[in-house]
Amino acid sequence: MSCRYWKVICRYGHVGRRNEVSVARYIRTESHYTIIDAMDLVSNMPGVKSSGVAFIEQIDKTTFEKGKSSEKMSLYLQKLKTYNPKFEQINKGEKLYA
């Protein structure tokens, strides 16, 4: 299967009042995806703001692999991928059901 690789700078919300965090994400898609398809895919990811794609470019496989390894070091992405609201509520002592 042939793939395309993309580097996307995403704006994530929910970090304070009208604040955002810009994070580089590295995406692999099928070969028939255009830049518009990749942008649509990223804009529907959890946490990305409604106009959350700041930059997108097609990259090669080696850049993609290096980028994916750097994603693992991002503290914001680590928190985003492991966030569970029910777990947070239980730890704060809040009731899940009113």
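Which of the residues belonging to region 34-56 are open to solvent by less than 70 Å² (accessible area, probe 1.4 Å) and not in a helix (DSSP H, G or I)? Give the derivation first.
Here is the first cut: in region 34-56, the residues open to solvent by less than 70 Å² (accessible area, probe 1.4 Å) are 34, 37-38, 42-43, 45, 47-49, 52-54, 56.
Hits for region 34-56 are Thr34, Met45, Gly47, Val48, Lys49, Gly52, Val53, Ala54, Ile56.
So which of Tyr97, Tyr76, Tyr33 is at pLDDT below 80, on the phi < 0 side of the Ramachandran plot, more than 16 Å from the chain's Cα centre (by Cα) and hydroxyl-bearing (Ser, Thr, Tyr)? Spell out how you get there, then give the answer.
Working: Tyr76 fails: more than 16 Å from the chain's Cα centre (by Cα); Tyr33 fails: at pLDDT below 80.
Going through Tyr97, Tyr76, Tyr33 in turn, the sole match is Tyr97.
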- Task: Spot the failing condition for Lys7; the list is (1) open to solvent by less than 60 Å² (accessible area, probe 1.4 Å); (2) modelled with pLDDT under 90, and only one is missed.
- Result: (2)
- region 23-49 residues that are closer than 21 Å to Tyr12 by Cβ, paired with ones that are open to solvent by 80 Å² or more (accessible area, probe 1.4 Å) and part of a loop (DSSP other than H, G, I, E, B) (beta carbon under 8 Å, 6 or more apart): Gly47/His14; Lys49/Glu20
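The values are calculated or read from the model by the stated rules, or taken from the named source; none is laboratory data. Just so we're clear, the structure is a prediction, and the values are computed from it rather than from any experiment. Cβ: placed from backbone, ideal geometry, glycine included. Neighbour counts: every protein chain shown. Protein only, heavy atoms only, side chains kept; ligands, DNA and RNA dropped before computing areas. Shrake-Rupley method; radii C 1.70, N 1.55, O 1.52, S 1.80 Å.
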